[in-house]
1. With respect to residue 212, is the statement that it is over 27 Å from residue 358 (Cβ atoms) and either within 17 Å of the chain's Cα centre (by Cα) or in a strand (DSSP E or B) (or both) true?
2. Assess whether residue 172 counts as being more than 24 Å from residue 229 (Cβ to Cβ), within 16 Å of the ligand (Cβ to nearest atom) and out of contact with any Phe, Trp or Tyr (no Cβ under 8 Å at 6 or more places or on another chain).
3. Suppose the filter is in contact with a strand residue (DSSP E or B) (Cβ under 6 Å, 6 or more places away or on another chain), in contact (Cβ under 8 Å) with a residue 40 or more places away in the chain and within 13 Å of the ligand (Cβ to nearest atom); does residue 188 pass it?
4. Just to check your reading of the model, which residue among 98, 134, 138, 88 is out of contact with any Leu (no Cβ under 8 Å at 6 or more places or on another chain), aliphatic (A, V, I, L, M) and at pLDDT 95 or above?
5. Please find, among 115, 126, 120, 156, the residue that is within 14 Å of the ligand (Cβ to nearest atom) and in contact with a helix residue (DSSP H, G or I) (Cβ under 6 Å, 6 or more places away or on another chain).
6. So is residue 70 assigned to a strand (DSSP E or B) and of a type in the set (S, T, N, Q) or not?
Amino acid sequence: MVCCCITEKFQLIYGRSPAWAARAPGRIEFIGNHTDYNGGPVIGAAINRYVSVAIAPRADGVWNFYSDFTGHLATLPAHCISRQEGELSWLNYPLGVLDAFPAFGFKRPEGFDLLTMSDLPAGSGLSSSAALELATALAFLSLTGQSIERARLVQLARHAENQFVGVPCGILDQGVSAFGKVNHLVWIDCLLQTFATVPLPADVHFWIFNTHTKHALIDGMYAERHHECMQAAHALDVPLLVHATPAQVEAARPGLSASQFKRARHVVEEIARVEQCIDALRGGDLVTTGRLLTASHRSSQCLFENSTTELDFLVDQLTRNPSVYGARLSGGGFGGSVMALTQSSFKESDALRIQQSYEVQFDVEPEGFHLLTANGAAPI
Ligand code: GLA
């Protein structure tokens, strides 16, 4: 059954009911900053904020896309796939998915009306792009009577992002959005491309603080970090940094540029932190878990250099609060959000105080919200 809110909106836009709908959650990156495309492990959680997509078939060879966010309808001739710019750039995610379909053995729909809605803030580092890719992929597949395994769905969505959108991301965002589970974290081995869930200890809470800042060159800076990591791996004579130890990175220092050394050191130490975090979570040791989260942030700040003054300010404020286990930037960096893992004694009033001091400092109102974990992408 298609959920009523998106059905009503679809009726309003297209004057008929959708045939199918799907939704995919956003994610927080729990720990493992820029470990995914280096073949390392990463832990995330799907969150109760979603991108939803509704769709109905058309017989006239037209692909219609309507975004509730921009309030615009874009009409393309079916199978006419080209990169879009400006206001239409959001189309690159569904178009990237459609572009990937033949390579994954799927046929594309011949015509459709599509509507997308979201309560996931775009540009906040919570993976609205991956959620859009997954939700549209599921909608296109339902429309054409095809099905897909979750791990393959993750690969297809990542392919769309790497090949069509042009961001050399790993599988964290798509993997967590696909494999999310309520009250669980998603643990991904990015080398083997395997997905597992780890129960969250009882009575822990996630808070997100959105800085409302996003570096204009974010995609370029992400690609630059990716490139530096690949160069460091090459200098270390390993296929990916996951194959190097901290001792090897230290020994290779004279042959690395200063930034390559810092990036590589961050990645190998972050991989170790993810592994320690799994052990701490299994043992219910939230104090150690929190310490690892904050250590991850400090490494992003000083070695990977993908933090910002705004993100650091929030982490500093949060970690002074005794109800906070740990806090860190979540996702690619260069803006976006900070995630805090807290006890239940961390209240709305604590969040408000942090938001107020942020506003005094930066003259921007940050958004702070309490999040729940969610299940992965699925038809609705
Ligand atoms: C973004 C990318 C992910 C991952 C993180 C950093 O969210 O899409 O693949 O690299 O940044 O860990």
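The values are calculated or read from the model by the stated rules, or taken from the named source; none is laboratory data. Only a predicted model underlies this, so the values are computations on that prediction, with no experimental measurement involved. Don't worry about glycine lacking a Cβ; one is built from the backbone with ideal geometry, like all the others, and counts go over all protein chains shown.
1. When the stated conditions are applied, residue 212 does not pass them.
2. no
3. When the stated conditions are applied, residue 188 passes them.
4. Selected residue: 98, the only one of 98, 134, 138, 88 that is out of contact with any Leu (no Cβ under 8 Å at 6 or more places or on another chain), aliphatic (A, V, I, L, M) and at pLDDT 95 or above.
5. When all the criteria are applied, what remains is 120.
6. Against the criterion (assigned to a strand (DSSP E or B) and of a type in the set (S, T, N, Q)), residue 70 does not qualify.
Residues are listed down the side, and each one gets a yes or a no for (1) on the phi > 0 side of the Ramachandran plot; (2) buried (at least 19 other Cβ atoms within 10 Å of the Cβ); (3) in contact with a strand residue (DSSP E or B) (Cβ under 9 Å, 6 or more places away or on another chain):
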position	(1), (2), (3)
244	no, yes, no
257	no, no, no
268	no, yes, no
271	no, yes, yes
282	no, no, yes
292	no, yes, yes
296	no, yes, yes
299	no, yes, no
302	no, no, no
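So that you can scan it fast, the table gives a plain yes or no per residue for (1) of a type outside the set (A, V, I, L, M); (2) buried (at least 17 other Cβ atoms within 10 Å of the Cβ); (3) more than 14 Å from the ligand (Cβ to nearest atom):
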| site | (1), (2), (3) |
| --- | --- |
| 147 | yes, no, yes |
| 151 | no, no, yes |
| 164 | yes, yes, yes |
| 182 | no, no, yes |
